[in-house]
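Data block below; observations after.
The values are calculated or read from the model by the stated rules, or taken from the named source; none is laboratory data. Values in this document were obtained by computation on a predicted structure and should not be read as measured data. Neighbour counts are summed over all protein chains in view; Cβ atoms, including those assigned to glycine, are modelled from backbone coordinates with ideal geometry.
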Amino acid sequence: MGRVFLVRHAQASFLQPDYDKLSATGEAQARVLGEYWARHKVTLDRVLTGPRVRHRDTEKAVRETFTKNGLQPPEPVVFDEFDEFQGDVVLEKSLPQLSEINPHIRDLDAAVRNANSPPQRHRNFQRLFETVITMWVRAELMVDGVESWEDFIARVNRGLSRFLSAARKNETSAIFTSGGPVAVSVQRALHLSPQDTLEVAWMPRNCSYSEFVFSGDRFTLSTFNSFQHLDDPALLTYR
C-alpha cells in the first residue's frame, strides 16, 4: 500500500497585511518537521504543494532540512486543487451587511476590533470567522462570486483523484496544503457530511500532518493532526 502525508502549512502571518507568508514561528515549525522526518528516515517518492506561498515555503523549509541531512527529496509539483477555500473572501464580502442585521455578528466583530492584546484578537477573530463560515456552509449566507463549499470539496477530491491515479505501488508522498484540503481528505476516507468536514477543518495545527494509506480505490485515514514533532510548546499554533 502507498501512503501520503497531508501537511497543513506552518504558521503564516495571521492578521498581517500579507497573510500568505510564513512567520518566524512558521519557519521554525517547518524546519522541525524536516528534522523529525529526517531523523526517522522518512523518504519521499513524490512531493506536491498547493499554490500558495505558505504551502510552497513550508515544503521548501522541509526540503532544505532534508538536504542538510543528506536526503534528496524530489522537486515539488504544484496542484492548484489543493488551494484553501475562500473563507477570507466570504468574510470580507459578507461582514458589513451581517453586522448591520445580525446582533451576534456585530458583537463578535466589535470584540475583534476592541481586543486588548494580539492573542485575544486572534481568539476573537477565530470565533467570528468560524461563525460566519458555518453560516455560509449551511447555506444561511449567500456570497456571489465565491466558490461554494460543495465546489471546494469537489475540487480537492479531483486533486486527490489525480494524485492517486499517478501513484506507484508502495510509494510514500507528501502534500503541503491547508486545513480545508486536509479536512476534505478526511471526508473522503471517512465519508463525512459537508458540515462535519468543516468541523474537521478547524482542527489541524500549523505544520501538523495527517497520514493516509491507499491501494486501488481504498483511501484510509491512518493518523490525523499529528504534531509530536512540535515538542516545544511555543511551536504549537492554530493560526
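When the residues of region 8-58 are filtered to those that are farther than 21 Å from Leu236 by Cβ and polar (S, T, N, Q), the one that is modelled with the lowest pLDDT is Thr43. Taking the conditions (1) modelled with pLDDT of 95 or more; (2) in contact with a strand residue (DSSP E or B) (Cβ under 8 Å, 6 or more places away or on another chain) in turn, Asp80 satisfies each one other than (2). Going through (1) outside the structural domain of Val42 (by TED's automatic domain parsing); (2) modelled with pLDDT under 95 one by one, Val132 falls short only on (2). Here's a check for you: in region 57-84, which residue that is surrounded by 18 or more Cβ atoms within 10 Å (Cβ to Cβ) and among the charged types (D, E, K, R) is farthest from Lys21 (Cα to Cα)? Among them, the one singled out is Glu81.
Given the criteria crowded, with 20+ Cβ neighbours inside 10 Å, touching a Ser or Thr at 6+ places or on another chain (Cβ under 9 Å) and farther than 21 Å from Val182 by Cβ, does Leu48 qualify?
No.
Scanning region 132-146 for residues that are surrounded by fewer than 16 Cβ atoms within 10 Å (Cβ to Cβ) and either at negative phi or in contact with a strand residue (DSSP E or B) (Cβ under 6 Å, 6 or more places away or on another chain) (or both) turns up Thr134, Arg138, Glu140, Met142, Asp144. Confirm whether Ala174 is modelled with pLDDT under 95 and surrounded by 14 or more Cβ atoms within 10 Å (Cβ to Cβ). Here the answer is no, as Ala174 does not meet what is asked. For Pro118, the conditions (1) outside the structural domain of Phe176 (by TED's automatic domain parsing); (2) within 30 Å of Glu35 (Cβ to Cβ); (3) touching a Phe, Trp or Tyr at 6+ places or on another chain (Cβ under 6 Å) are fulfilled apart from (3). Within region 126-150, residues that are closer than 26 Å to Ala115 by Cβ have Cβ atoms under 7 Å from residues that are in a helix (DSSP H, G or I) and among the charged types (D, E, K, R) in these pairs: Leu128/Asp109; Val143/Lys93, counting only partners at least 6 apart in sequence or on another chain.
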